[in-house]
Amino acid sequence: MKLWSGMLTGDLDKLAEEFNDSIKIDKRLVFVDIKASIGHVKMLGAKNIISYEESSLIIKGLENIYKKLKEKSLVVDESYEDIHTYVEAKLIEEIGPVAKKMHTARSRNDQVTTDFRLYIREECENIKNDLIYLIKSLLDLAQKNTDTIMPGYTHLQAAQPVSFAHHLCAYQMMILRDLSRIQDYKKRLNQLPLGACALAGTTYDIDRNMVKDELGFDSIMENSIDAVSDRDYVIELSSIISIIAIHLSRLAEELIIWSSQPYSFIRISDKYSTGSSIMPQKKNPDMAELIRAKSARLIGNTNQAFIMMKALALSYSKDMQEDKESLFDSIDTIKMCLKIMAGQIESLEVNKENMFKACKKGYLNATDVADYLVNKGVNFRDAHHISARLVKYASLKALSLDELDLEIYKNESDLFEEDIYKKIELKTCVNKRKSLGGPNKTEVLRQINIVKEKIKEYI
Ligand code: ARG
């Protein structure tokens, strides 16, 4: 029998019933649903809305069901409409008709959003831990590569030399922002909707603050209509996850580029590669490619949440049942992506020599040739033209800038002296960029230390 069958005569159409049921999706809320009910029923007993004995009996029954589900001697039966219906039905089986008092001063509207917030609260901790794990793997790799010179790119064209550690620090900063977004989000998430009931509160003398403390919420939602209507927390977490996914997709793309033959900067471990069914020589970066692609689905999930809520009249509408499937998917997927990315980073082999060679080929010290002249009084615009002519000449001869004779330099400007070669050594080019945030080794070590200090705030 349906919880709501009072007014209706006849059964729901079979297909409509299947369409309406959400238990296949919301069954994962079972443990938080039981926890939330225990908090609610404790309050009902304390406020004498039901007797103390009835409240104790219901709580015991709920604890038994919780235990059986944990031990797997009981599994959620998917023939029920949703998880709330299932738990109530099990409780009636467990302790008899007194179980029917559990739903006093409550509606599924405030119940479902309370459960969802509790569930998300736990998952935020898991996502946070996965982010920390990834940052640590990037930190380790960066620390091993503070002297590894690599081309820095703009437009995917070799631009200026940086260190691999400097580049990896950029990703650490992105993930630090992700961590702070999750942290900040929790303030808005951890507000209690329960007690709003269907939308208009209740005639019973409930104590919402007691339930808040029982369930570890920071505050109560102050307006009952808002409490049951709000799904900002779904859209917000989905958006945060999409941003994380974008960060991962950029790193994945770089791993794919760096591991391709023309680059050969890195080697992705066999643990994260696959072969080809036809080409024996192939080693494909499938995991990185999947991470790159998963971001599309996660952004799609965020769009779905936005569009579902757009223009929806207050308060609860069944539309909002559709809030869970996509967010569950986003949570599961991002946790998997984060773990797999961390594994790839941990097991990455770096080909320092190839990174260095690519810097030589890419004329990455051309800016430094111009800077040399600027330091001798030439204006930057003219210095830029002179350096460009030298690059053009060198590329015609298939030489790097440091392979050109001094005479060639002098043909362009007699300000060039023998020290030009020292000044445009790639290592010098990296280390003289000492400006805050730049690639100079001491500066990168400072950035690494900042990351180390900041992650302590989240552990
Ligand atoms: N399964 C529903 C959901 O996820 C529970 C709330 C049902 N409320 C209602 N008024 N039908 O949204």
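The values are calculated or read from the model by the stated rules, or taken from the named source; none is laboratory data. None of these values were measured; they are calculated from a predicted model. Note that we place each Cβ from the backbone using ideal geometry, even for glycine, and neighbour counts take in every protein chain shown. Areas reflect the complete protein model, heavy atoms only, side chains present, ligands, DNA and RNA absent. Shrake-Rupley method; radii C 1.70, N 1.55, O 1.52, S 1.80 Å.
Per residue, how much accessible surface does region 180-223 expose to a 1.4 Å probe? Answer in Å², no decimals. Display every interim value, and only then the final one.
On the way: 2230 Å² over 44 residues.
Accessible surface, normalised per residue, equals 51 Å².
Please work out whether region 323-363 counts as rounded, prolate or oblate from its C-alpha gyration tensor, where a ≥ b ≥ c are the square roots of the eigenvalues and a/c under 1.5 means rounded, while otherwise a/b larger than b/c means prolate and anything else oblate? Oblate, because a/c is 1.5 or more while a/b does not exceed b/c.
How much area per residue is accessible in region 1-159 when the probe is 1.4 Å and only protein heavy atoms are counted (Å²)?
Here the residues of region 1-159 average 49 Å² of exposed surface.
A helix-only calculation puts the chain at -20000 deg cm²/dmol for mean residue ellipticity at 222 nm, using -39500 (n - 2.57) for each DSSP H run of at least four residues, averaged over all residues. Over all orientations, the chain has a Cα convex hull whose mean projected area works out to 29.9 square nanometres.
In straight-distance terms, cross-link reach from Lys318 covers every one of the lysines whose alpha-carbon lies under 22 Å from its own, apart from those fewer than eight places away in the same chain; here that gives Lys2, Lys14, Lys24, Lys27, Lys310.
Sorting 80-90, 7-17, 369-379 by their mean Cβ neighbour count within 10 Å, with the most densely packed peptide first, gives 80-90, 369-379, 7-17. When a/c is below 1.5 the answer is rounded, else prolate if a/b is larger than b/c, else oblate, so apply that to region 247-300 with a ≥ b ≥ c taken from the square roots of the Cα gyration tensor eigenvalues. Oblate shape, in that a/c is at least 1.5 and b/c is the bigger or equal ratio.
Region 342-459: Rg/Rh from Cα coordinates, Kirkwood Rh? Value, to two decimals: 1.11.
Rolled with a 1.4 Å probe across the full set of protein chains, the surface gives Lys68 an accessible area near 70 Å². Rounded to the nearest 0.05, what FRET efficiency do Met173 and Met7 give with R0 = 56 Å and r taken as the Cβ-Cβ distance? Could you check? After rounding, the FRET efficiency stands at 0.45. Computed over every Cα-Cα pair of region 43-82 and binned at 10 Å starting from 0, the pair-distance distribution P(r) comes out as 28, 34, 29, 8 percent. Note on region 241-378: percent of Cα-Cα distances in each 10 Å bin, starting at 0 and stopping at the bin with the largest distance, equals 10, 27, 23, 18, 13, 7, 2, 0. Taking every alpha-carbon pair under 8 Å whose residues sit at least 6 apart, region 169-234 reaches a relative contact order of 36 percent. The length gained by stretching the chain between Ala398 and Arg188 to full extension, at 0.36 nm per residue less their Cα-Cα distance, is 69.6 nm.
Computed on the chain, with alpha-carbon pairs under 8 angstrom and 6+ residues apart, the relative contact order is 16 percent.
Panel note: the C-alpha atoms of region 378-432, placed on their principal axes, show extents of 28, 27, 18 Å (largest first). Starting from the Kirkwood Rh over alpha-carbon pairs, what translational D in µm² s⁻¹ does region 28-101 have by Stokes-Einstein at 37 °C and 0.692 mPa s? The diffusion coefficient I find is 266 µm²/s.
Expressed as a whole percent, the accessible area of the chain that falls on carbon and sulfur atoms is 53 (1.4 Å probe). If you bin all the Cα-Cα distances of region 198-314 at 5 Å, starting from zero, the percentages per bin are 2, 10, 12, 13, 11, 10, 9, 8, 7, 6, 6, 4, 3, 1, 0.
Given the Cα atoms of region 105-257, and with Rh set as the inverse mean 1/r over their pairs in the Kirkwood sense, what is Rg to Rh to two decimals? Walk me through the numbers before you get to the answer.
On the way: Rg = 21.6 Å, Rh = 18.2 Å.
We get a ratio of 1.19 for region 105-257.
If a spin label sat at a point 7 angstrom from the Cα of Lys283 along the line to its beta carbon, the backbone N atoms of region 236-266 nearer than 11 Å would be those of 259-261, 266. For region 92-157, the fraction of C-alpha pairs farther apart than 16 angstrom is 74 percent.
Length gained on full extension, Thr274 to Ile307, computed as 0.36 nm times the residue gap minus the Cα-Cα distance: 8.1 nm. Here the dipole of the chain is about 1160 debye; that uses its Cα centre as origin and unit charges on the Cβ of Lys and Arg (positive) and Asp and Glu (negative). Here region 255-331 yields Rg over Rh of 1.26, to two decimals, using C-alpha coordinates and the Kirkwood radius.
Spread over its residues, the convex hull of the C-alpha atoms of region 5-135 is 142 Å³ per residue. Normalised by the number of residues in region 389-449, the average gap of Cα pairs under 8 Å and 6 or more apart makes the relative contact order 17 percent. Accessible surface computed residue by residue for region 292-447, with neighbouring protein chains in place and a 1.4 Å probe, gives 53 Å² per residue.
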